[in-house]
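What follows is a single structure, written as structure tokens, with notes after it.
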Amino acid sequence: MTDLKSKKWIVAKGVMFAGIALAMAALILIEMPSVELAVLLTLLVWASCRFYYFLFYVLEQYVDPTMRFAGLIDLLMGMRQRRRQLRRDL
């Protein structure tokens, strides 16, 4: 599979993800309407987005510029390889 390079499709993909997230939040709140649940969902989404930002921007920009990963599985595989390399070096 090739990387998505079209700006139009990248934006469309982002809008679709946002739409899915909003629809799921709405369905959860329709099923169990409460202010507490809405606050918890908001915090869950916010914290998840910040964690994703940390994994794929902060680590690369501020910790180690060689840490470039395509996704979570790639990140985990890269960390595993680094740990193996560290063990070999000891």
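The values are calculated or read from the model by the stated rules, or taken from the named source; none is laboratory data. Please read all numbers here as calculations on a predicted model, not as lab measurements. A quick note on method: Cβ atoms are made from the backbone with ideal geometry, for glycine too, and the neighbour counts reach across all protein chains shown.
State all residues of the range 28-52 that are exposed (fewer than 10 other Cβ atoms within 10 Å of the Cβ) and part of a helix (DSSP H, G or I); if no residue qualifies, say none.
Hits for the range 28-52 are 30, 31, 35, 36.
Can you tell which of 8, 13 is of a type in the set (D, E, K, R) and farther than 20 Å from residue 71 by Cβ?
Working: 13 fails: farther than 20 Å from residue 71 by Cβ.
Being of a type in the set (D, E, K, R) and farther than 20 Å from residue 71 by Cβ holds for just one of 8, 13, which is 8.
Go through 25, 18 for me and flag whichever is touching a Ser or Thr at 6+ places or on another chain (Cβ under 9 Å) and either at pLDDT 95 or above or among the small types (Gly, Ala, Ser) (or both).
25
Please determine whether any residue of the range 79-90 is over 24 Å from residue 2 (Cα atoms), surrounded by 10 or more Cβ atoms within 10 Å (Cβ to Cβ) and touching a helix residue (DSSP H, G or I) at 6+ places or on another chain (Cβ under 8 Å).
No: the range 79-90 contains no residue that is over 24 Å from residue 2 (Cα atoms), surrounded by 10 or more Cβ atoms within 10 Å (Cβ to Cβ) and touching a helix residue (DSSP H, G or I) at 6+ places or on another chain (Cβ under 8 Å).
Quick check on residue 69: is it in contact with a Phe, Trp or Tyr (Cβ under 8 Å, 6 or more places away or on another chain), surrounded by 12 or more Cβ atoms within 10 Å (Cβ to Cβ) and closer than 30 Å to residue 3 by Cβ?
On the way: in contact with a Phe, Trp or Tyr (Cβ under 8 Å, 6 or more places away or on another chain): yes; surrounded by 12 or more Cβ atoms within 10 Å (Cβ to Cβ): yes; closer than 30 Å to residue 3 by Cβ: yes.
Considered against the rule, which asks whether it is in contact with a Phe, Trp or Tyr (Cβ under 8 Å, 6 or more places away or on another chain), surrounded by 12 or more Cβ atoms within 10 Å (Cβ to Cβ) and closer than 30 Å to residue 3 by Cβ, residue 69 comes out as yes.
Please work out if residue 76 is without any contact (Cβ under 8 Å) to a residue 60 or more places away in the chain and either over 16 Å from the mean Cα position of the chain (by Cα) or outside any helix (DSSP H, G or I) (or both).
Criteria not met by residue 76.
Given the criteria among the small types (Gly, Ala, Ser), within 21 Å of the chain's Cα centre (by Cα) and surrounded by 11 or more Cβ atoms within 10 Å (Cβ to Cβ), does residue 12 qualify?
Yes; evaluated as a whole, the condition is true for this residue.
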